[in-house]
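The structure appears below as structure tokens.
The values are calculated or read from the model by the stated rules, or taken from the named source; none is laboratory data. What you are looking at is a predicted structure, and each value in this text was computed from that prediction instead of being measured. We place every Cβ from the backbone using ideal geometry, glycine too, and count neighbours over all the protein chains shown.
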Amino acid sequence: MRKLIPVVLSLIMASPLTALAQSGPSIELRVKNAGEAPGPSGTTYPSVVNSAAPRPDALVTGSHVTITDFRDIVISVDGAPSASTSITLQDGEGTPAGTQDVIPLFMDKPLSAAITSGGEHFRIIDDKCTGKLLGAPNTSYSTCEVMIEPRATWWGPLSGNLRLSSGSYSMDLPLSGTAHHFDPLRLALSVISGDPANFDVNGAFSRGNLFAGTPAYSTENVTFRVANLSSEYATPRLATILSNTLNFEFVTDGCSGASLPPNGACDMVVRGKSTWWGNWSGTLQVASVGNPEGDPDITLTTNLAGRAHHFDPPRLAIATVSGDPTHLDVLGPAQPSYSQPLVLRVRNLSTEFPTYPLDSSLAATSGPGSFEFLTNGCAGAALAVMGTCDVSLRARASWWGPIASAYSAHGNSEAGTIGATQELLGRAHRFDPLTLEINAVTGNPTGMDVFGPGTAMLTYSSPVTLRVRNRSTEYATTALATILSNSNDFEFVAGANGCSGAVLPPGATCDAQVRAKAAWFADLSSVLTVTTSGLPDAQDDAVAQQALAARAHHFDPVTLSVTAVTGDPASMDVAGTGDGTLAFSAPVTLRVRNHSSEYTTTSLTTALSNPDNFVFISDDCSAGTLAPTAACEVTIRAKSDWWGSLAGHFAVTAVNLPDGQGTADAQLDMTGRGYHFDAPRPTLTLVSGDPALMDITGWAKNIVAYSSAVSYRVTNESTEESTDPLSLGFNNSGNFEFTSDGCAGAQLTPGASCSVTFRAKAVQNGSFTGTLTVDNHKRPSVSLAGTGKQFFTYSWVTGGWAGCTANPTWGGWGTCSSSCGSGTQSRGCNGTSGTETRAVSCQRDDGTDLGAVADTYPGCDTSNRPSASQGCTRSCAGSNEQACYDISTCTYSWADWTGWGACSASCGGGSTSGSQNCKRSDGAYVDWSNCNPAWAGTWEVSKSGSTYTWGTSCNTHDCCTPSNHVTAYGSWSASCGTASRTVYWSNGCGSDWTETETANRGSCENCGQAQNGWIINTSNEIRHWGQWIIATNVSPERCKELCNGRGSGACNRLYDNACYFAPGHTLKYFGQEEMIGNKIVSYQCN
């Protein structure tokens, strides 16, 4: 508090003093700064804090403030001051403004204090000013006090006005304050979409995910919303926690770290995940820690649950229980015979799904046997998770050999068709004993003729190949033995007896070659024997035999000879005429003789090997026979139409000679020469290159380029004469030129040659032709052709501009043009300038891009090269303005009051109702909860949307004789400490009034101590007081018991529904009370 300056009197009217007497009965002075002031003009009150049990319908009061400084109080003085009284006049700053006699100044009108506005927020609870007449400072009654109490039923600013008046003068003192903690922080966690109790993860049988660690995800995400239900407080930064991060994860989390404004909300999207099947659960927690006003931390929890399935598909595996599926041997000789039994077990490897009924079967069997079931416990079996079934089977056979099949179990399942297969292998034996056989492969073993040379010289027949076969398909032989019964006339061919000592596998063979031998004519015979002994399974020795026979003959066979009788068969020359006309030689006579003394020839056949150059003139031998030592003659001449050597022979043949001699023949060579048939003939022969494809690849137009070279050889094809001097030339010298000419002036001898090399030339694109000719009476020539290509022109070309480095980006949105309702906001575009480039390259007229060359090609040089870069600008996509909506400064108030409706009763107590709408300051109707719905003396009838309907009593007067009584009690202004409430009275006949009741509700901690002295101590449970009622239904006996025998035995149950608590907590209380259910009831003893 600060001490103010002494009183300063300001003359208000009637100066000079002589005018005071003439003007009226009094002068009026204003007393400034009387008493002590707490601060600047106007009083700010402490906040009204709703700390006990916040709720919208609670009326809460704050600490009172005492005002002792009332400025500018009007003081009236009746009559004029006496001549002996002087006062010192000062202005408002204390500067002397004249002197006058001092006179005591007092108010002539009593003060009054009143709340002129804001009565719902402020009330006077102690008024020591109203009715007082204040005097000058330091005099009696120079100050007074007014005690004011703020109050509120909802959070927000408080404002009002205290007016002090004296007569027709008044002073207004602004009052202000704040109410808070009426709508404390409250959070709600709700599901916007999806089902948090049914996160369904379908693994689609991706069993590998279990090992790869790659999860499958739920088919549907769940969206949660956290809402701040308080219209007063924003949340601190929220924390979000998933208790089971192995099976749940955030897709998006707009709540973690978010601070929700009043009535704000945020969303989280959660999905399930799993790498294996099964049921799993967890929780989602949202926590708000460090809440405003010291409120306790808030934790919201919701349960999450899901199921992962279709991760482990049904799969079948086959295992052997007994036996060996790859050695199911069958031992003969019984037909059929059987193997030992085999037991197989089929297992479902899935830990998640059973199988459907299975098909259990055997595949077709390869080999001489089969397989059969002894028992088939899997046929039609549906295997449970990890379940099994067994089958037993065996092999059977009536012949030896390997047998093979497969057992399979298959069927349908949750994952589609499944199956498993077990290969079955076995062997049947002891069914086919060992036997041998001998067959001729080449030659005739009973027709082994020996053809003699005509003398007593040892001669051999052609070999006969005999094959020994093991006919058993089951057993191999032991080592074989081979024996000839007549080794004088027959023998094994050296190194060709593959059977001696051989061991033949089943069905195998070996070969042995045998021949006859003789020195003269004779009939020959023998026997070949093959044996094997010591056979397995106690078999008898196996033996096979083959008869052999031969005849020796042909010791003096037919032979023929040919000799010349007239002429020389080695000089049968033919002279020509030089022009290819046919000509003949002189004739030659030949004689044919049979030299055999034993045989006559068969019919003879004569022939000339070269009938083009030799012909018969006569032939006495053809088709005739020659007796032993007899002869015959033929006459032959040569012929030709060209020069060169002549050769051939005369042949005579006798076929099908007796005793199988075959054929006897003889021949005589004939030679000669043709000449004077061939003149000189030069020819052209290509040596290298292609005269029809002498293409030229240039590089620039009008610059000469050449083709690859072409070489020709000029050859004199005549074998008789040399050529005249040669000369070669082109008919198109503009496109062809020699690079070397070895034929110019050359005279080629017969068969000699010379060479020329030439090339094509061009300066532009296009086809060209020519002819190379040899200047000779034959004039051989060759056509030439080629194409000029790639004689290009060059020029600079440019691509389109691209790659602008400008990076236009939008700045942030500005402030909304309206802070209550719809408006607009704008933003700026940054980074609009940059540089862009384009490709610059030299391009041929065929479109080929040669790149950024310089001074290399005609038409492309740096002097005319275009620029490759330039400045550029870009603009941001989209609009720089958008609509916005802001309600941060909106206020809310009730509107559209309908007025009270008709009372339901004319007397004796009825009810009526009226409705109002909650309206925002921008004219929008909003939910009723945004406005303060607490009206004194009313109750809630209904609430929907913006409309709130109140009810109140009406026509409560009794229709009978008036009788004063309490009709109702209002709510306590506080749940603990000093509190007040309104008591509603009625005389029963329509006359109602209220009184204020004040009481101490006890300590404010957990309900605290009640009026009659009892307390509750619990484990930090929230407690609150219920309604006070009056009840008279306590029996005298119970009353005496409760009052410990004191009093008259009459008592009233005053406090019902007192302090609620959870059953099971410890209570400590004393006084007259008892526990009824979960409440304490206190009694007042009379």
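Worth pointing out:
- Test: residue in segment 525-532 that is assigned to a loop (DSSP other than H, G, I, E, B) and out of contact with any Phe, Trp or Tyr (no Cβ under 7 Å at 6 or more places or on another chain): no
- Residue count for segment 340-372 satisfying the condition of being among the small types (Gly, Ala, Ser) and either closer than 30 Å to residue 415 by Cα or assigned to a loop (DSSP other than H, G, I, E, B) (or both): 6.
- Looking only at segment 213-244, residues that are within 16 Å of residue 267 (Cβ to Cβ), within 31 Å of the chain's Cα centre (by Cα) and not in a strand (DSSP E or B) come to 2 in all.
- Taken together, 806, 802, 785 contain a single residue that is under 30 Å from residue 759 (Cβ atoms) and among the small types (Gly, Ala, Ser), which is 785.
- Single residue of 651, 638 found to be at pLDDT 90 or above, crowded, with 19+ Cβ neighbours inside 10 Å and either outside any loop (DSSP other than H, G, I, E, B) or hydroxyl-bearing (Ser, Thr, Tyr) (or both): 638
- Some residue of segment 540-547 being outside the structural domain of residue 402 (by TED's automatic domain parsing), modelled with pLDDT under 90 and farther than 30 Å from residue 661 by Cβ: yes
- Taken as a whole, the condition of being of a type in the set (Gly, Ala, Ser), at pLDDT below 85 and either in the same structural domain as residue 229 (by TED's automatic domain parsing) or part of a loop (DSSP other than H, G, I, E, B) (or both) applies to residue 923.
- Residue 589 vs. criteria in a loop (DSSP other than H, G, I, E, B) and either assigned by TED's automatic domain parsing to the domain that holds residue 721 or of a type in the set (Val, Ile, Thr) (or both): no
- When the residues of segment 329-339 are filtered to those that are of a type outside the set (Val, Ile, Thr) and either in contact with a Lys or Arg (Cβ under 7 Å, 6 or more places away or on another chain) or not in a loop (DSSP other than H, G, I, E, B) (or both), the one that is surrounded by the fewest Cβ atoms within 10 Å (Cβ to Cβ) is 333.
- Residue 297 surrounded by fewer than 17 Cβ atoms within 10 Å (Cβ to Cβ), acidic (Asp, Glu) and more than 35 Å from the chain's Cα centre (by Cα): yes
- Filtering 731, 702 for residues that are in contact (Cβ under 8 Å) with a residue 12 or more places away in the chain, on the phi > 0 side of the Ramachandran plot and loosely packed, with under 14 Cβ neighbours inside 10 Å leaves a single hit, 702.
- Any hit, segment 561-569, residues being over 60 Å from the mean Cα position of the chain (by Cα), farther than 30 Å from residue 669 by Cβ and either acidic (Asp, Glu) or part of a strand (DSSP E or B) (or both): no
- Summed over segment 831-854, residues that are free of Cβ contacts under 8 Å to residues at least 40 places away in the same chain and either touching a Gly at 6+ places or on another chain (Cβ under 9 Å) or closer than 30 Å to residue 919 by Cα (or both) total 3.
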